[in-house]
Amino acid sequence: MAGKKNMALIERLRRENDEFFSWEERHKRLEHEIRDLNKKHVLTPEEEVLRKNLQKEKLLAKDKVMEIFKMEEGKENARKGKA
């Protein structure tokens, strides 16, 4: 999701779409938690399981963010095509 057009859409979604904002924040939080676990030199078996689960949740959050982005991008493109 790069480029000025995409960044404008992302900024609009952050302001106007609570679901997008929520999933994006969740993704950031999970990324931070994973990063903290990765700082440890050795993880316990429980921490390894936790990290794997966090990674799965983070991937789900990213998928949801991208799903909403693509849907809104499609709507924008359809509106521009009709104009």
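Just a few scattered comments:
- Across K52/K75; K39/K64; K39/K62; K5/K62; K4/K64; K4/K40, pairs whose alpha-carbon gap is larger than 29 Å: K52/K75; K4/K40
- Under 5 Å, built H, 5+ apart or other chain: amide partners of L43: none
- With respect to the chain, whose longest principal axis is taken over its alpha-carbon atoms, helix 4-16 is tilted by about 80°.
- Label assignment, Rg and Dmax of the Cα atoms in Å derived from the structure, set (1) 14.4, 49; (2) 12.0, 33; (3) 16.6, 58: (3)
Read-outs: derived from the displayed coordinates by stated rules, not from any lab. Treat the numbers as computed from the prediction; the structure is a model and nothing was measured.
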